[in-house]
Each structure stands twice: as structure tokens, then as C-alpha cells.
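First up is the structure itself, then whatever we jot down about it.
The values are calculated or read from the model by the stated rules, or taken from the named source; none is laboratory data. Remember, it's a predicted structure, so these values are computed and weren't measured experimentally. Note that each Cβ is placed from the backbone with ideal geometry, even for glycine, and that neighbours are counted across all protein chains shown.
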Amino acid sequence: MTTINDDKLHDGGGGADRRPPAAGNATDAAVDADELAAWLRLEQTAGVGAETARRLLVAFGLPANIFSCSFSALHKVVPERIAYALLAAPSDAVQALIERTQEWLQQPGNRLFTLADSAYPQALLDISDPPLMLYVKGRAELLERPAMAVVGSRNATVQGVANADRFAEILSQRGLTVISGMALGIDAAAHQGALRGAAGNPEGGSTVAVIGTGADIVYPARNRGLAHQIAEAGCIVSEYPLGMPGVAANFPRRNRIISGLARGVLVVEAAAQSGSLITARMAAEQGRDVFAIPGSIHSPLSKGCHQLIKQGAKLVESAQDILEELGSLQAAVATPAQPAAMPSAAPADSGGQELLAILGYDPVGFDVLAARSGSDAASLGGRLLELELAGLIEALPGAIYRRIG
């Protein structure tokens, strides 16, 4: 993660203002064509990363000022090769990107916020490395509302998906916008729960998807339907230019935006090396609360959450735990939040109940279950299948079974 520690970017008080010095003249109206072209040209200049761009903005103000500077003025701030690159005419590729972005902005619901806009989300101005630009599709006002990030494994368990869905639904019902990354597994479940929690509820929080591609690309493609729902009832946000495909390095970097927009981050399920732990680390660095749902000591997808709890994350068993920790936001709501739970499943017969008791609540291998129950492989396999079809257990890789709920 790139960290910017330039005292020039701080105002005279206790907060921070990451906007360029000339930003006071900016409005939250649509970016005009020349201003848009200058911002995109700056971002696309070879050798100009986020830190260099912010250094230039601090020195010269808005991008148009940068491109009107002399070589000697630029060279005082950046190396020679970057100064020459800034003075070069924009390439055909950059011109095409400018035109493509202008066309995209003509579509209803599409907006672009630069670091100089007064409508740029204040929460991101408070982090050390705010994006230069934000492409926004949908309800941009959600970016200024109280929010909670919900993240976790792409290869989530059935129980993990249910937890993410239910926690997000309750948080959304209570007025919190749920932030996630629109990946498969926990992210998708969190978005779906949040959309349901906000449906028909004027006080609902809805959801924001912070993606690692251009705002005109749906990744993964399996989430296309979900992406359309979020664009209509929530908001999709990206810092990457239009047309940017799914590049592996971009997804961990966008995590600072997920945590930066939120008051806290809930990790639902995470392996020991999960990318969700990057989001949690960034949240802690940004001064946000970190929450984690515990699980079985035998489950690989609980190890990341247990690691966070050992490091000081707040253990939560229900959405109410989060609401209470966040303070008075939920005080006006009379009904208590319920723990996340799976939909009710068909009750098992006496044989099934006995097998559930033997299984317990930790993942157990087939051979261990056979030894505990004294059953042969054929009869045990049949009983396990019945319980799985009834929604009472789930089969994990490696012939391992776990009770649900």
C-alpha cells in the first residue's frame, strides 16, 4: 500500500484536506470537458503514480496548471523524465480514453469526482492516499452516509454466506450503507442482503460496491445481474479508468477505499492469508473499527477471523453487537437485531438427529463420522445426503461435513 505523509496535504487543524490548493473554486457540477481531459491526462502520464500526482497537485494546483508549467518548474518537483512526459502531447490512447469517458458521463447515473470536487467523499479525504478520481455509477449520495464494510472469502461456506447476507440485511435496515467488493462469496451475499434490507425502506442504507476494474466492466461476469441491481438501488465505485480489466494487483489496492468509506469493517470468513485481512489491516491503519465473526477452530476459513480477534478485533455474534459498538445510530429503532441464521430447514428424523449430535458443530471427516456412528460407508453416505438435501449440513472439500445453523 502506498502511504502519503506530506505535511502540505494537511490543513491547519486536526483534520486533513487532500484537495489541491485551487480546489476552492471547484463545484460539484459535472466536470467540464477541458478539466476532465487534464485530470485523465495527468493520471495516464507515464511515471506519474498516485504519490507523484498528489505532489504535483500540491505544487501547482489543478492539472491544467501543471500542463501549462515550464520544464524547469516541473523539474523542481519531479524527475527529468516525468517532466518531459508531462510536456509531451497526449497520445492517441489517452485521447480515446478522454472521449470514452465523456460518452460514459452522458449516461444517466454516471458521475466522476476528482480530488478537487467539493462532492468528493469526505471519508476518503481523511485517509492517507485518496484516489485522484472516482468513477461513480448509481446513487452517489450513499458515499456520504454512515457505512459498514462487510468482507470475506470468495470460497465461502454456506453458513458464511448466510451470515454475510443476514448481517448486511440488518445493518442496511438500520440505516447503514454496506460496502463490499462485489466478489463472489461473502461480498456478493453482503450486497444482496443490504439491497433486501433497503428495499421499500426510506431509512435503509442500501449498498456500495467498490470494484477493481473500470466502472464499465462487470467482474466476475457471474455477478452481472447483481451489478445491475446495485447500479439501480445502490452505487458502484471505481478509481480505475474505463476499460480497465480485472488485474490481480488492483484488487488489494482498492481495499483501502472499501475500508476508507466505512466506519468499520466486518470480516465474516477468512483464511489465514485472505485478502480480507488486507482490508482489515487498512481499516485499522485508517482508524476504523474491525469486527470478526468467530468460527470452528478446525475450519481453515475461520483462521483469519481468529487471527484478527487475537490482534484486537471485536468478536461479534450478531448484527446488534456491531450496532451497539457504533453508538447511537440505531437508538431510534425499537426492534432488536437478531443473530444471523440460516433459513429454517426440515427437521431431521431420529436417526438424522442422532447423526447431527455426533457431528457436533465442527467440521468432521467421513471416516471419523463412520467410526463415531458405527455405520458402514453406504448407509452413512445415504444419511449424510439426506441431511445435506434438508439443508442441515454442508459437504466441504475432502469428504468433510459441517452442521449448518
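Say we look at segment 366-405 and pick out the residues that are under 13 Å from T157 (Cβ atoms) and of a type in the set (A, V, I, L, M, F, W, C); which of these is modelled with the lowest pLDDT?
I404
Going through R222, R256 one at a time, which residue ends up being in contact (Cβ under 8 Å) with a residue 24 or more places away in the chain, under 23 Å from F291 (Cα atoms) and among the charged types (D, E, K, R)?
The unique qualifying residue is R256.
Hey, G175 hits all of (1) buried (at least 24 other Cβ atoms within 10 Å of the Cβ); (2) farther than 30 Å from E43 by Cα; (3) of a type in the set (G, A, S) but one; which does it fall short on?
With respect to (1) buried (at least 24 other Cβ atoms within 10 Å of the Cβ); (2) farther than 30 Å from E43 by Cα; (3) of a type in the set (G, A, S), G175 is out only on (1).
Would you mind stating whether G138 is in contact (Cβ under 8 Å) with a residue 60 or more places away in the chain and at positive phi?
Numbers: in contact (Cβ under 8 Å) with a residue 60 or more places away in the chain: yes; at positive phi: yes.
So G138 passes the test.
So that you can scan it fast, the table gives a plain yes or no per residue for (1) touching a helix residue (DSSP H, G or I) at 6+ places or on another chain (Cβ under 8 Å); (2) free of Cβ contacts under 8 Å to residues at least 12 places away in the same chain; (3) surrounded by 24 or more Cβ atoms within 10 Å (Cβ to Cβ):
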| site | (1), (2), (3) |
| --- | --- |
| A156 | yes, no, no |
| G185 | yes, no, no |
| T207 | yes, no, yes |
| G246 | no, no, no |
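Could you grab the pairs with beta carbons closer than 7 Å, sequence gap of 6+ or different chains, first residue in segment 259-274 and closer than 19 Å to L315 by Cβ, second one acidic (D, E)?
Cβ pairs passing all conditions: R263/D289; G264/D289.
Does P108 satisfy the criteria of being part of a loop (DSSP other than H, G, I, E, B) and under 29 Å from A227 (Cα atoms)? Talk me through it step by step, then tell me what you get.
Values: part of a loop (DSSP other than H, G, I, E, B): yes; under 29 Å from A227 (Cα atoms): yes.
Against the criterion (part of a loop (DSSP other than H, G, I, E, B) and under 29 Å from A227 (Cα atoms)), P108 qualifies.
So which residues in segment 170-192 are within 17 Å of the chain's Cα centre (by Cα), in a helix (DSSP H, G or I) and closer than 24 Å to P121 by Cα? Break it down into steps so the answer makes sense when it comes.
Pass one, segment 170-192, residues within 17 Å of the chain's Cα centre (by Cα): 171-172, 176-192.
Within this subset, residues satisfying the condition of being in a helix (DSSP H, G or I) are 171-172, 186-192.
Across segment 170-192, the qualifying residues are L171, S172, D187, A188, A190, H191, Q192.
Report yes if R100 is in the same structural domain as A190 (by TED's automatic domain parsing) and not small (G, A, S), otherwise no.
Values: in the same structural domain as A190 (by TED's automatic domain parsing): no; not small (G, A, S): yes.
Criteria not met by R100.
Which residues, taken from segment 214-271, are among the basic types (K, R) and within 19 Å of P108 (Cα to Cα)?
Just the residues of segment 214-271 that are among the basic types (K, R), to begin with: 222, 224, 253-254, 256, 263.
R224 - this is the single residue of segment 214-271 that is among the basic types (K, R) and within 19 Å of P108 (Cα to Cα).
Give the residues of segment 86-99 that are assigned to a helix (DSSP H, G or I) and buried (at least 16 other Cβ atoms within 10 Å of the Cβ), sorted by residue number.
Here is the first cut: in segment 86-99, the residues assigned to a helix (DSSP H, G or I) are 86-87, 92-99.
L86, V94, L97, I98, listed by residue number.
What helices (runs of 4 or more DSSP H), lying completely within segment 248-318, carry at least 3 residues that are over 12 Å from the mean Cα position of the chain (by Cα) and surrounded by fewer than 22 Cβ atoms within 10 Å (Cβ to Cβ)? Break it down stepwise before answering.
Working: elements: 250-260, 276-285, 303-310.
Correct list: 276-285, 303-310.
Answer yes or no: is there a residue in segment 136-150 that is within 30 Å of S302 (Cα to Cα) and assigned to a loop (DSSP other than H, G, I, E, B).
In the first step, residues of segment 136-150 are kept if they are within 30 Å of S302 (Cα to Cα); the result is 146-150.
Now narrow it down to the ones that are assigned to a loop (DSSP other than H, G, I, E, B): 146.
The answer is yes, given that some residue of segment 136-150 is within 30 Å of S302 (Cα to Cα) and assigned to a loop (DSSP other than H, G, I, E, B).
Right, A83: over 21 Å from T213 (Cα atoms) and either in a helix (DSSP H, G or I) or at pLDDT 95 or above (or both) or not? Show your work before the answer.
Values: over 21 Å from T213 (Cα atoms): yes; either in a helix (DSSP H, G or I) or at pLDDT 95 or above (or both): yes.
Answer is yes for this residue.
From the list G200, G181, G225, G212, which one is at pLDDT 95 or above and surrounded by fewer than 20 Cβ atoms within 10 Å (Cβ to Cβ)?
On the way: G200 fails: at pLDDT 95 or above; G181 fails: surrounded by fewer than 20 Cβ atoms within 10 Å (Cβ to Cβ); G212 fails: surrounded by fewer than 20 Cβ atoms within 10 Å (Cβ to Cβ).
Exactly one residue qualifies, and that residue is G225.
Among the numbered conditions (1) loosely packed, with under 14 Cβ neighbours inside 10 Å; (2) in contact (Cβ under 8 Å) with a residue 60 or more places away in the chain, tell me where L125 comes up short.
It fails just one condition, (1).
Only one residue in A272, A292 is over 25 Å from S172 (Cβ atoms), in the same structural domain as A168 (by TED's automatic domain parsing) and among the aliphatic types (A, V, I, L, M). Which one?
Working: A292 fails: over 25 Å from S172 (Cβ atoms).
Exactly one residue qualifies, and that residue is A272.
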